[in-house]
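The values are calculated or read from the model by the stated rules, or taken from the named source; none is laboratory data. Just so it is clear, the model here is predicted, and its values are computed rather than measured. Here the Cβ positions follow ideal geometry from the backbone for every residue, glycine too, while neighbour counts run over all protein chains shown. Quick note on the areas: whole protein, heavy atoms, side chains included, nothing else; ligands and nucleic acids left out. Shrake-Rupley method; radii C 1.70, N 1.55, O 1.52, S 1.80 Å.
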Amino acid sequence: MAITLSTPKNVTIIPRQPNLTFNDLPRTFIKGNPVLTALFCSLSAVFPPGERQFINSVRYYQDQVTDPEMKKRIRAFIGQEAHHGNQHEVFNEKIQALGWRVDLVERQTTFFNKFIKRFSPQRQLAQTVALEHLTALFADFLMNNPNFLGDKPNQELKTLFLWHAIEETEHKAVAYDLYQQVVGDDKLRTREMKVILPFFMGHMIESTWLLLHKNKELSDRSGWKEAWQQLVGKDGIFTGIKGELQDYFSADFHPWQQDNSKLANEWLGELAL
Ligand SMILES: [Fe+2]
Ligand SMILES: [Fe+2]
């Protein structure tokens, strides 16, 4: 299959290091809501082991790529994901100190990864492609709805999640293009989305529950109500990404069929990265 190099010309995949310290982070850092905060803690806890697995799945095939531009993009993808993992580790240490038991979530994710590593390299890459699409949709939602983090979020928190969103957008087609070149099996690609999406969602729900349970905050009714609206309400994140999630199952899908490069570049300027 031909190499697909379809990242827009105004996008350069650059690994950046914002070096955030999170010294002034409040305990309930998303809108003062423990449920939404626990959800973001869960997300941040799965990033370091999850992104290591993304890198791992791409590295199986890295040597088969001969096109210099594609090689460059794969190296930049690995660099970005490695920095994301490192910066989220710093963040996770801080939120752990604030009382969120993210070590338990990270341990679970590491255990799941050991299981996933027993799958064929094709399956592992297909799962990365699926999760990269999901991540890119979350990223797009966040860049369009930064108030999801609160009206006046902690500045370093905002930089962390929007920097991550920008770079997820920049490299959103790298694993997909590699997959099309070295595996190219569309049935496997869509089947693995059907496997990994419910698994990932289940892991997020269970981890959020666990973190709230450990902090004895499971019964925060107003917190749950607000979280429900933010997730599946009229303007909620899942309501917002539903259509584009469906696009993944069409045979002519490509991550850049939704060109949000302008938005990513605007955020680069806004955050002065
Ligand atoms: Fe990432
Ligand atoms: Fe990514």
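Among the residues making up the range 150-177, a single one is among the polar types (S, T, N, Q) and closer than 24 Å to Arg73 by Cβ: Thr169. Of all the residues in the range 53-98, those that are open to solvent by 50 Å² or more (accessible area, probe 1.4 Å), in contact with a helix residue (DSSP H, G or I) (Cβ under 6 Å, 6 or more places away or on another chain) and within 14 Å of ligand 1 (Cβ to nearest atom) number 1. If you go through the range 80-117 and keep only what is outside any helix (DSSP H, G or I) and either within 14 Å of the chain's Cα centre (by Cα) or of a type outside the set (Phe, Trp, Tyr) (or both), you end up with Leu98, Gly99, Arg101, Lys117. The residues in the range 1-11 that are touching a Ser or Thr at 6+ places or on another chain (Cβ under 7 Å) and open to solvent by 60 Å² or more (accessible area, probe 1.4 Å) can be counted, and the count is 1. The set of residues in the range 12-52 that are open to solvent by less than 30 Å² (accessible area, probe 1.4 Å) and more than 16 Å from ligand 1 (Cβ to nearest atom) comprises Phe22, Leu25, Phe29, Ile30, Asn33, Pro34, Val35, Leu36, Thr37, Ala38, Cys41. Scanning the range 107-138 for residues that are over 21 Å from Val58 (Cα atoms) and within 16 Å of ligand 2 (Cβ to nearest atom) returns a single hit, Phe138.
Would you confirm, using the coordinates I've provided, whether Leu231 is at negative phi, touching a Phe, Trp or Tyr at 6+ places or on another chain (Cβ under 8 Å) and either in a loop (DSSP other than H, G, I, E, B) or of a type in the set (Val, Ile, Thr) (or both)?
Values: at negative phi: yes; touching a Phe, Trp or Tyr at 6+ places or on another chain (Cβ under 8 Å): yes; either in a loop (DSSP other than H, G, I, E, B) or of a type in the set (Val, Ile, Thr) (or both): no.
Judged against the criteria, Leu231 is not a match.
Within the range 151-174, if we keep just the residues that are in a helix (DSSP H, G or I) and acidic (Asp, Glu), the residue that is nearest to ligand 2 (Cβ to nearest atom) turns out to be Glu168. Do we have any residue at all in the range 190-205 that's closer than 20 Å to Trp100 by Cβ, open to solvent by 50 Å² or more (accessible area, probe 1.4 Å) and of a type in the set (D, E, K, R)? Scanning the range 190-205, I find no residue that is closer than 20 Å to Trp100 by Cβ, open to solvent by 50 Å² or more (accessible area, probe 1.4 Å) and of a type in the set (D, E, K, R), so the answer is no.
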